[in-house]
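Everything below concerns the one structure shown next.
Values in this text are rule-based calculations from the coordinates and carry no lab data. Every value quoted in this text rests on a predicted model; they were computed, and no experiment measured them. Backbone-built Cβ (ideal geometry, glycine too); neighbour counts: all protein chains shown.
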Amino acid sequence: MTFDIRPLSPKDIALFREMLDLFGEVFDEAKTYSSAQPSDGYLRKLLGGEQFVGLAAVADAAVIGGLAAYELKKFEQARSEFYIYDLAVTAAHRRRGVATALIGRLKKDRRRAWRVRHLRAGRSPRRSRNFPLHQARRSGRRPALRHQG
């Protein structure tokens with residue numbers, strides 16, 4: 001199976017909406033992710049900003065995985081942490097390196113000086129059975145990538 005990892009830009013509204021639908025399906029929260037999606041203008045602003053990264057894994061013109069992450073500027077030191085808020089892969093494409101490729105693409109983002117310090121994975125009672133990072137499921141923490149800069 002081949003797939004591409006696509007960083008989402010303000011021009012990728014349709015692809016982003018497909019990724020939102022995927023999150024709703026995988027997390028069994030279709031109402032949360034699909035019933036009241038933001039306007040195209042809101043999404044263009046989000047995808048064009050510096051504090052949000054959306055990545056889509058695409059195979060045969062369909063979104064099979066997605067990652068949404070936010071930068072958190074820290075107050076105790078001049079640094080930031082990037083938190084992976086959502087990471088999901090369709091059931092049919094799991095255990096094929098899709099999630100690993102999404103995280104790898106986030107770490108290779110040339111706009112930022114990435115240095116992974118730790119990876120934490122969180123558990124939401126509603127999402128714990130669907131959490132895509134199987135080893136992280138047991139840790140009880142939220143995924144985070146930290147970068148200096």
What does the highest-first list of 72-83, 3-14 look like by mean Cβ count within 10 Å? 3-14, 72-83
When the expected Rg is taken as 2.2 N^0.38 Å, what fraction or multiple of it is the alpha-carbon Rg of segment 11-53? 1.16
Provide the gained length on full extension for the span residue 42 to residue 11, in nm with one decimal, where the gain is 0.36 nm per separating residue minus the Cα-Cα distance. 9.9 nm
In the structure shown, of 73/107; 11/31; 73/108, the pairs separated by more than 22 angstrom at the C-alpha atoms are 11/31
Restricting attention to segment 3-55, which GluC sites (Glu not before Pro) occupy a DSSP loop and are surrounded by at most 13 other Cβ atoms within 10 Å? 50
Between residue 76 and residue 2, what is the label-point separation in nm under the 7 Å Cα-to-beta-carbon projection? 4.6
